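The values are calculated or read from the model by the stated rules, or taken from the named source; none is laboratory data. This structure is a prediction, so every number in the text was calculated from the model and none was measured. Heads up, the Cβs are rebuilt from the backbone with ideal geometry, glycines too, and the neighbour counts pull from every protein chain shown. For the accessible areas, the whole protein counts, side chains as well, though only heavy atoms, and no ligand, DNA or RNA atoms are used. Shrake-Rupley method; radii C 1.70, N 1.55, O 1.52, S 1.80 Å.
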Amino acid sequence: STATRWIYWINGPDPFWESPFVTTNYYVAAMNNVYGLPLNSFKWPGHGTPPPFPTASIGNLTDLSVEGSWYREFDQPVLSPSGYYFAQHYIDPLPGEPSFSTTNSTRSLFIASVGQPFSITAWAKQSLQNGYGGVFAYPEQYFDKAYKADAYGNATTNKAGILSEYGEFFATEPGSVVLTTKPDGLTATTGQCTVHAVKIQLDVNNDGNMDLSYAGPDNTSAESPFVFWVNNDYDFSSGSADVFGHEGDNRYRANYSDPGITCQRDLEDFARLWICGMPALPIGYQVTLSMNAISGNPAINLVSAVETNGGNLYLSNTNIAAAQVYDPYGVGPGQKYRTISSTNSLTLPSNLFTNAGNKYFLFEGAGTTGGKGELVLTVSRGTTVIAQTSAWLDLHDVKHFYERAVITNTVSGAISNMTSAVQIVEYAKASALGDDQDIIVFVHGFNVSVADWRNESDTVFKRLYQSGYRGKFATVEWPCERLDWSLLQTRAAVFNQSEIKAYKAGIGFAAYASQLQARLPNYRLHVLGHSQGNAVVSEAIKQGGVTFDTYILSQSALPASAYDVNAPTDSYLMAAESVPGFHTPEWQPMGYRGAYTNLPGQIVNFYNTNDPVLAVWMLDQAVAKPNGLAENQIHPGKFYDYDGTNGWWHNWILSSYLVTDPQESRAMISRSRTWPIGGTPPETGHGVISSGIDLNTRYGFKDSFPADHSAQWVRPIQSTRPYFQQVLISCGILPAP
């Protein structure tokens, strides 16, 4: 209202009015109310029915002989805009509360949490012009719009978040937001204040991009936490000659207990964590991270990221990775902050927040068991909590995330009676990847212990994850032979004996693959076979009727002629074949050539022309086929040979038998006439091969023995992540950048 009204006073004469002569007649004296506004007039019931309520002005005589209620009218206040006051309930004093003073000004910082309700009040401060000095009115205001702020803090025309008229604000992305009021009803002015929306950001969907929006795929909740593994393996560097680091036995030490990042290899166990939208904090403010455990013992270790944009080049750039590694003197970004757990909180250094902008960190899961919890960021001033935001984490042992199958061979009499079966399937207990309907199955190669298989499988899983894979992963262990380096003369025999075991393990692998297809009927099935593991896979496909959408032969230790009958012959092997008494069958079924030309699906050959282990394979083919000399060294009087038509196994002491098993013939008798397919170009299709990938020219796989034969997990992720990105591309899966 722009006009004053008579306000009820008391039932009877006002004690400030004067009656100099008679008790029933009064005149109205000049006076001011508590605001200094002068009295204009008053009303009272007067005489009559109904009461006439006459008006008396200052200086007029009035008959007040009739008792009744009294109503006074003071001047209409003249108000002038004097700024706006914004405040939060329970944090700031509000106009009308005992703790409020007209000298109070709007707090310098308002901080909201993305995805959580935030309430604020707005008051138009107006100074009284026609009353006492220092008197103000504070009409509360309705809110209007929320706009993104530019780099200078000014409101843009871009809307931000959801704002109700009553000051209930819901931020949908981090950053500075300008809240505006509707025009004041008396002065027509509008007010605005800045609210800084903060968020803990994680790459939940593992696509390499941080989606900062509340409704986006990277937002966490109790039902959709960020899932990662605890860093309980042992990657370490043994000195200047081992700058990238290698993996050790974690029975004695786990990386999460280290004071810093020990080597570049260790970085594959870290993920990114951003604190977004944080303004510059004045002295007296602090930022604390704490953990609310929901189950288990969730804990993390935090380090400051060296990348000024919070990128993920620490996974692919050796220079950035080297800068991120722990300084041997205990300083630098590789140094870990205090562990954050349900019993330990971390107050971040105040100098991190002297400037506004996103803050970038890397973190690892700490502890042996993991758990689920809420990571809470609290901004406080003294004992007053100014704002809180949080992100949800679910941490596991990495083996919870993938399936493990163990294939065992059984032997009854002759090799031809060998068979295999699925002994154990350990199913995944959790999913860290996503819901894509792809499954990649990894099959290891020759000379791999159970411990080696588990470590390799962990590494393959982690590197597929860090390359952006969002499907399922499984790994298969089969009973390969192990090298005894103290008996170097037995190497060739052991390799051939392992090859026959690989062929026989194909039966069990086919059964396992069939189980997968039955359990996951709508999934695309891909297999990554390494080295001699391809004898398991190729034989399973050939004999078991298993089909794969993609089959990657990585550094495969089988002849190129098995997949491409037109593969060029090798002069070294052809010379060995020409030695009298050392002839072998060439064509399938008893020889290699053409053995796998009927395989269906997309077959991709990952090859390295300089592979040092495949060079040993060539030596085996030349000097240990038929498997005579080497076999005789182990079992005197026992050897294989070939008479030009048939293959034989001889035991001069007891007996001989005709070799009729094609798998036994290929492993023990047949000599390849070509290089292994794992060392054979081109990148274009040939034979049953759909395409090839040159590991030497593309990814620098060289001739170091034996490391470069397994460079994809021996080397650190910074140099081999492109290999795993190519695995995904070859499977028709888009990798993370």
Exercise for review: Output the number of residues of the range 37-53 satisfying the condition of being assigned to a loop (DSSP other than H, G, I, E, B) and open to solvent by less than 40 Å² (accessible area, probe 1.4 Å).
Suggested key: 4
Practice item. Only residues that are more than 24 Å from A711 (Cβ to Cβ) and open to solvent by less than 50 Å² (accessible area, probe 1.4 Å): list them for the range 568-589, please. Key: L573, A576, E577, T584, P585
**Study point:** Counted residues, the range 364-385 - those being open to solvent by 10 Å² or more (accessible area, probe 1.4 Å) and aliphatic (A, V, I, L, M)
**Key:** 2
Exercise for review: Could you list, in sequence order, all residues of the range 283-316 that are open to solvent by less than 50 Å² (accessible area, probe 1.4 Å) and part of a loop (DSSP other than H, G, I, E, B)?
Suggested key: G284, P298, A299, A305, V306, E307, G310, G311, N312, S316
Check your understanding: Which one of these is surrounded by 17 or more Cβ atoms within 10 Å (Cβ to Cβ) and under 30 Å from A513 (Cα atoms): F401, F361?
Key -> F401
Point to revise | Unique residue being at negative phi, without any contact (Cβ under 8 Å) to a residue 40 or more places away in the chain and over 35 Å from the mean Cα position of the chain (by Cα) when the list is L558, L483 | key: L483
Check your understanding: Restricting the search to the range 612-634, which residues are open to solvent by 30 Å² or more (accessible area, probe 1.4 Å) and at pLDDT below 90?
Key -> V623, L629, N632, Q633, I634
Study note, to complete from the structure: Output for Cβ contacts, cut-off 8 Å, separation at least six or different chains, first residue free of Cβ contacts under 8 Å to residues at least 24 places away in the same chain in the range 599-622, second buried (at least 24 other Cβ atoms within 10 Å of the Cβ) and in a strand (DSSP E or B), reads none
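Could you count how many residues in the range 709-737 are open to solvent by less than 50 Å² (accessible area, probe 1.4 Å), touching a helix residue (DSSP H, G or I) at 6+ places or on another chain (Cβ under 6 Å) and assigned to a helix (DSSP H, G or I)?
The qualifying residues number 10.
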Check your understanding: Failed condition for A280, given (1) at negative phi; (2) in contact with a Gly (Cβ under 7 Å, 6 or more places away or on another chain); (3) surrounded by fewer than 17 Cβ atoms within 10 Å (Cβ to Cβ), with all others met?
Key -> (2)
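Quick test for you: out of F701, F705, pick the one residue that is outside any helix (DSSP H, G or I), on the phi < 0 side of the Ramachandran plot and open to solvent by 20 Å² or more (accessible area, probe 1.4 Å).
Answer to the selection: F705.
Looking at the range 77-114 only, could you name the residues that are among the aromatic types (F, W, Y) and under 46 Å from the mean Cα position of the chain (by Cα)?
Y84, Y85, F86, Y90, F110, listed by residue number.
Here are E426, E364, E374, E403: which of them is more than 22 Å from R470 (Cα to Cα) and among the acidic types (D, E)?
E374
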Review point. Pairs, please: C-beta under 6 Å, at least 6 apart or cross-chain, first residue touching a residue at least 60 places away in the same chain (Cβ under 8 Å) and open to solvent by less than 50 Å² (accessible area, probe 1.4 Å) and in the range 637-651, second assigned to a strand (DSSP E or B) and β-branched (V, I, T)?
Key: G647/V659
**Study point:** So E307, is it under 20 Å from the mean Cα position of the chain (by Cα), under 25 Å from A222 (Cβ atoms) and of a type in the set (D, E, K, R)
**Key:** no
Study note, to complete from the structure: Going through the range 563-589 in order, the residues found to be over 19 Å from N646 (Cα atoms) and touching a strand residue (DSSP E or B) at 6+ places or on another chain (Cβ under 7 Å) are Y563, D564, V565
Practice item. At least 1 residues that are open to solvent by 20 Å² or more (accessible area, probe 1.4 Å) and touching a residue at least 24 places away in the same chain (Cβ under 8 Å) in each: list the strands (runs of 3 or more DSSP E) lying fully within the range 91-178 that qualify. Key: 117-119, 121-128, 143-149, 155-159, 168-170
Revision key, fill the gap. Taking first residues from the range 442-457 that are open to solvent by less than 10 Å² (accessible area, probe 1.4 Å) and second residues anywhere that are polar (S, T, N, Q), the pairs with Cβ under 6 Å that are 6 or more apart or on different chains are F442/T475; G445/S531; G445/Q532; S457/T475
Practice item. Inspect all residues belonging to the range 523-544 and state whether any of them is part of a loop (DSSP other than H, G, I, E, B), touching a strand residue (DSSP E or B) at 6+ places or on another chain (Cβ under 6 Å) and open to solvent by less than 60 Å² (accessible area, probe 1.4 Å). Key: yes
Exercise for review: With respect to T609, determine if the residue is open to solvent by 10 Å² or more (accessible area, probe 1.4 Å) and at pLDDT 95 or above.
Suggested key: yes
Revision key, fill the gap. Filter the range 332-355 for residues that are out of contact with any Gly (no Cβ under 9 Å at 6 or more places or on another chain), assigned to a loop (DSSP other than H, G, I, E, B) and open to solvent by 60 Å² or more (accessible area, probe 1.4 Å); the one that is farthest from E307 (Cα to Cα) is T343
Exercise for review: Go through the residues of the range 179-188 one by one and say whether even a single one is surrounded by 15 or more Cβ atoms within 10 Å (Cβ to Cβ), more than 45 Å from the chain's Cα centre (by Cα), farther than 24 Å from D211 by Cα and among the acidic types (D, E).
Suggested key: yes
